[in-house]
Amino acid sequence: MSTTSIVDRHRRLADAFAAKIAAVPPDRWEAPTPCEGWTVRHLVGHVVQTHELFSGFVGRTLGDIPSVDEDPAGAFDAARAVVLDSLRDPQLASSEYRGLFGRTTFAEGVDFFVCFDLVIHGWDLARAVGLDERIDPGEVERVFEQARAFGDAARAPGAFGPALEPPPGADDQTRLLGFLGRSV
């Protein structure tokens, strides 16, 4: 996949995630999410930390960004700006690091992991605060392939929950979410 496509995907998914953050009612930041033990604020903090983790793989930091505790939207906007800036830099985008599945580039890692998080945690966020939970069918297919590619790592502590059996006739999104241990 071209870096341009990855930039476009990250930007599109990050914009959708930011729109969900903007729609969180002020009294719902401490609401529970489908991620056990996480509030909406924790979930946004996790996504910001994932951006920070991948930025670190190419020697970048998020710098002095707003605190998720005080400004979740500002923290996410700052974090995604750093990742997008790195993706747009051909040298940084093609920088290699050793990841969970061996050597990969920054751009490939962002596409595989960060974009995955934006889709799934976007659903988690929507579920937690009562927003539209639909995932783009193309993203459902892509993320389902990636989820299967995790293999045994998918069920490691802190990863996905135990797979849940979807109801008969379930659509692709419901099957994906069940595979990830999310009850719908």
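We did not get these values from a lab; they are worked out from the coordinates using the rules stated. None of the values given here were measured: they were computed from a predicted structure. Reconstructed Cβ throughout: ideal geometry from the backbone, glycine too, with neighbour counts over all protein chains shown.
Here are the numbers for this structure:
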quantity	calculated
Relative contact order of segment 1-127, pairs being alpha-carbon contacts under 8 Å that are 6 or more residues apart, as %	35
Contact order normalised by residue count of segment 58-99, Cα under 8 Å, 6+ apart, percent	35
Within-12-Å neighbourhood charge of residue 34 [Cβ basis; K, R +1; D, E -1]	-1
Length-normalised contact order for segment 10-79 - Cα pairs under 8 Å, 6+ apart - percent	27
DSSP-assigned coil residues among trypsin sites (Lys or Arg not before Pro) in segment 97-161, each with at most 14 further Cβ atoms within 10 Å	134
Qualifying GluC sites (Glu not before Pro) in segment 1-77, DSSP loop, other Cβ atoms within 10 Å at most 12	30, 36, 70
Global form of segment 50-155, assessed from the alpha-carbon gyration tensor, a/c cut-off 1.5	oblate
Lys, Arg +1 and Asp, Glu -1 on Cβ, resulting dipole of segment 76-184 about Cα centre, debye, nearest 20	300
Net charge dipole size for the chain [Lys, Arg +1 and Asp, Glu -1 on Cβ; Debye, nearest 20]	320
